[in-house]
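Chemist: Pasting a structure here, questions to come.
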Amino acid sequence: MRKACIIFIFFLLLSWHAMAIDAVVAHTVFYSPDPAQNNKLTPVVETYWQINQQTIHYKTTPEKTIVARIKTDIIFMNDTGIINEGHYILQTVPRANVAELMNHSIIELRRYALQPGFVKMKLVLTDLADSVNRFTYLDSFTIPPVAKKTFYSELQLLDTVIESAAETAFKKNGRQQVPVCANFLDENKTMLHYYAELYGANKISADDYPLIQKISLVRKERETPTHDFQRTDSIKSQEVSLVSGSFPIAALASGNYFVRITLENNSHNIIATQSLFFQRLNLHPATIAPDTSKTKKKVEASDTAMEQVTLINLNKTFVAKYDLGRIRAILKMLLPFSNGQETQTINNFLKAPDETYMRYYIYNYFSAINKDDPGKAWKDFTEKIEDVNARYNTKNVPGYETDRGFMYLRYGQPTDVITVENENGSLPYEIWQYDVLTQTNHKDITNGLFLFYKPNQIMSDFRLLHSTVSGEIENPAWRSYLYLNGNNNGSSRAEQYFPNNR
């Protein structure tokens with residue numbers, strides 16, 4: 001009786017102190033034959049998320065088990081509006097006590113058929129035991145169309161692979177595949193499991209066979225792998241080939257890596273390739289046979305392993321007070337100020353969140369601005385964000401994530417803004433003109449022009465359609481998007497700023 005009371009009191013404390021729902025969300029794009037379209041390959045997005053079980057409230061059922069119920073709303077949108085959605089109640093597996101509850105992960109996976117193109121995703125998780133306890137996740141990505149040549153799906157890391165035909169959300173190809181929701185592998189992970197799909201190998205000329213598929217773990221996408229982390233397979237001529245396997249990673253040191261797949265013909269020419277960024281934390285890697293080759297020495301010279309980094313107690317810095325959701329948001333705020341390499345690093349973090357690395361990145365960013373007081377540099381930065389949010393916030397998107405907010409942060413206030421809401425024969429649009437602007441590579445551009453437009457009346461904000469600034473969207477066919485009949489008689493304000501040669 002005393003033990004039961006202790007567990008019950010602990011459960012009450014857990015519920016009382018539960019913070020806002022915390023979750024990690026990821027997605028992978030695959031392609032599947034559609035019977036309604038003569039088995040034509042169409043995109044299917046696997047969306048999956050893991051919920052921190054300590055951030056939701058639980059209730060005791062009449063059967064004396066403990067469960068939580070989470071209202072789940074997931075919506076996919078493009079410029080035309082909602083294109084797919086799901087709404088349901090997720091109930092956790094009943095557990096007998098709190099100890100059992102804490103030992104089991106809460107992972108959900110759903111598959112949605114979507115069309116190629118730019119997609120915005122919104123996931124809202126609401127704790128039904130406390131409707132104020134809510135998690136909102138916003139993301140956007142582009143689904144590539146089905147390639148006319150042989151190609152790979154996106155890569156997916158798996159946490160668990162079990163041969164079983166049981167009907168669950170994780171069933172795929174006759175087995176249970178539970179994905180890793182954050183592409184981060186800590187010291188408890190001794191194996192890396194991967195999965196992808198290859199499409200169209202049956203379209204490759206017989207002269208190219210035999211086909212060789214190489215899967216490797218590398219520091220950089222184009223780096224030569226070591227023999228310890230590469231495997232080679234042969235590929236048969238079939239429409240869809242499954243790509244799966246595992247690497248023992250007990251000896252893989254901390255750092256940033258890629259899983260890379262390449263398909264080569266018999267002349268070693270690459271036919272298709274795909275890669276996925278992940279992070280490894282392993283402060284005590286297992287010992288492997290020494291390699292004195294120049295390749296290994298070169299890799300070590302550029303190693304980014306965590307054990308070689310001087311660590312700072314982040315709990316005493318300005319980043320300590322922010323949860324993972326806010327850390328992700330801050331990284332997005334930094335994108336307008338980032339060059340190509342920095343943008344890739346941030347996007348990799350957003351695809352595969354690792355809280356420790358993300359916090360260090362943010363701290364180091366503002367420390368580089370003000371070494372003596374990074375917190376002040378952050379405070380000054382937030383004032384810019386607040387200004388942009390006040391100007392460009394929409395109902396569903398913060399100002400810094402809108403196209404206009406992004407460009408305002410990157411280049412500052414334009415010299416002139418021309419807003420055209422009701423021009424005959426055109427959609428609403430806005431022109432920004434800069435006498436001089438400075439790019440992220442510190443190059444000055446004169447007379448920089450940006451053309452924003454509203455693709456439809458549903459959207460409350462303008463999207464970037466075309467720009468004359470190198471490195472930004474350049475769309476020579478902007479007229480076919482802006483004008484309702486695809487062209488204009490030349491009287492448009494846009495034509496005055498963007499003549500035929502621009």
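Bear in mind that the values in this text are calculations on the coordinates, not laboratory data. None of the values given here were measured: they were computed from a predicted structure. All Cβ positions, even for glycine, are placed from backbone atoms using ideal geometry, and neighbour counts span all protein chains on display.
Chemist: What's the exposure ranking of Ser105, Ser267, going from fewest to most Cβ atoms within 10 Å?
Modeler: Starting with the residue having the fewest Cβ neighbours, the order is Ser267, Ser105.
Chemist: Then there's this: Looking at this model, which pairs from Lys59/Lys316; Lys220/Lys332; Lys40/Lys220 are more than 28 angstrom apart at the alpha-carbon?
Modeler: Lys59/Lys316; Lys40/Lys220
Chemist: Still on this model: Counting each pair of different Cα atoms once, what's the Kirkwood radius of region 403-497 in Å, rounded to one decimal?
Modeler: About 13.8 Å, per the Kirkwood formula over Cα pairs.
Chemist: Let me ask something else about it. Can you return the lysines within cross-link range of Lys64? Criterion is Cα-Cα under 24 Å, with same-chain partners fewer than 8 residues away left out.
Modeler: Lys3
Chemist: Could you line up Met407, Met358, Met102, Met459 from fewest to most neighbouring Cβ atoms inside 10 Å? Could you put the intermediate results ahead of the total?
Modeler: Numbers: Met407 24, Met358 20, Met102 12, Met459 16.
Fewest to most other Cβ atoms nearby, the residues stand as Met102, Met459, Met358, Met407.
Chemist: I would also like to ask the following. Just from the alpha-carbon atoms, what are the Rg and Dmax of region 73-174 in angstroms?
Modeler: 17.3, 54
Chemist: Additional query: For region 41-164, give the magnitude of the charge dipole about the Cα centre (Cβ charges: +1 Lys/Arg, -1 Asp/Glu; no others), in debye to the nearest 20.
Modeler: Computed charge dipole of region 41-164: roughly 160 debye.
Chemist: While we're here: Tell me, what is the Rg over Rh of region 152-298, with Rh the Kirkwood radius over Cα pairs?
Modeler: Taking Rh as the inverse mean 1/r over Cα pairs, Rg/Rh reads 0.99.
Chemist: Quickly estimate the mean residue ellipticity at 222 nm for the chain, helices only: each DSSP H run with n ≥ 4 gives -39500 (n - 2.57), and the total goes over all residues, rounded to 500.
Modeler: Dividing the helical sum by the residues of the chain leaves -6000 deg cm²/dmol.
Chemist: Among the aspartates and glutamates, which have Cα under 18 Å from the Cα of Lys371 when same-chain residues fewer than 8 positions away are ignored?
Modeler: Lys371 reaches Asp380.
Chemist: For the chain, what is the charge dipole size about the Cα centre, in debye to the nearest 20, if Lys and Arg each add +1 at the Cβ and Asp and Glu each add -1 at the Cβ? Don't skip to the answer; put the middle values down first.
Modeler: Details: 53 positive and 53 negative charges, 146 e Å.
Rounded to the nearest 20 debye, it is 700 debye.
Chemist: Sticking with this structure for a sec: Give me the lysines in straight-line cross-link reach of Lys214: C-alpha distance below 21 Å, same-chain residues under 8 apart excluded.
Modeler: Candidates past the 8-residue exclusion: Lys149, Lys203, Lys236, Lys296.
Chemist: Provide the per-residue ³J(HN,Hα) series for region 116-130, in order, calculated from phi with Karplus coefficients 6.51, -1.76, 1.60 and θ = phi - 60°, each as a whole number of Hz, with x at glycine and proline positions.
Modeler: So the Karplus estimates, Gly and Pro as x, are x, x, 6, 10, 10, 10, 10, 10, 10, 10, 10, 6, 6, 7, 7 Hz.
Chemist: In addition: Give me the Debye-computed log₁₀ of I(q)/I(0) at q = 0.14, 0.17, 0.21 Å⁻¹ for region 440-486, equal point scatterers on Cα only, no solvent, two decimals.
Modeler: Values, matching the q order: -0.42, -0.58, -0.78.
Chemist: Where Lys and Arg each count +1 and Asp and Glu each count -1, what net charge lies around Phe366 among other residues with Cβ under 10 Å from its Cβ?
Modeler: Cβ neighbours under 10 Å give a net charge of +1.
Chemist: Could you tally the net charge around Pro455, taking each other residue with its Cβ under 12 Å from the Cβ of Pro455, Lys/Arg +1 and Asp/Glu -1?
Modeler: After counting each charged neighbour, the total is -1.
Chemist: In addition: What is the sum of charges around Val397, taking Lys and Arg as +1, Asp and Glu as -1, for the other residues whose C-beta is under 12 Å from the C-beta of Val397?
Modeler: Charge balance near Val397 sits at +2.
Chemist: Same structure again: Using only the alpha-carbon atoms of the chain, report the extent along each of the three principal axes, biggest first, to the nearest angstrom.
Modeler: Principal extents (largest minus smallest coordinate, Cα): 81, 65, 57 Å.
Chemist: Debye sum, Cα scatterers, region 310-392, no solvent: what log₁₀ I/I(0) at q = 0.15, 0.18, 0.24 1/Å?
Modeler: Values, matching the q order: -0.54, -0.78, -1.37.
Chemist: For Val29, Val436, what's the fewest-to-most ordering of other Cβ within 10 Å of each Cβ? Intermediate values should be presented prior to the final figure.
Modeler: Working: Val29 18, Val436 11.
Exposure proxy ranking, most exposed first: Val436, Val29.
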